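Worksheet: one structure, shown below.
The values are calculated or read from the model by the stated rules, or taken from the named source; none is laboratory data. Worth saying up front: this structure is predicted, and the values here are computed from it rather than measured. Cβ coordinates were reconstructed from backbone atoms using ideal geometry, including for glycine residues, and neighbour counts include every protein chain displayed.
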Ligand SMILES: [Zn+2]
């Protein structure tokens, strides 16, 4: 049910922002989701359908973009981008990685009318 509460929070935020700026309809929402977030995209899409029902975002298209995770590699002392959980550093193959970004959900873009 993680995805459902995320959807509800996201729709709330989107609707509040759009209404504050005087818009009547949200047509499209682009979200960026870190590849390490463990969020099920399909479950999230279903959650949005449910959460946006009866709001000004009801007919909106929810687009989900995956964002590669940014991690600090303790072995080679630099930031590297990794595409999935459990993977090693692409440069030194080390496993001592500290996640800096890639576990979050961000509202990237909202289209309104
Ligand atoms: Zn490394």
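Brief remarks follow.
- Enumeration of residues in the stretch 66-82 that are in a loop (DSSP other than H, G, I, E, B) and within 12 Å of the ligand (Cβ to nearest atom): 74, 75, 76, 77
- Screening 15, 26 for residues that are at pLDDT 95 or above, buried (at least 19 other Cβ atoms within 10 Å of the Cβ) and out of contact with any helix residue (DSSP H, G or I) (no Cβ under 7 Å at 6 or more places or on another chain) leaves exactly one candidate, 15.
- Residue within the stretch 28-35 that is part of a loop (DSSP other than H, G, I, E, B) and over 21 Å from residue 69 (Cα atoms) present: no
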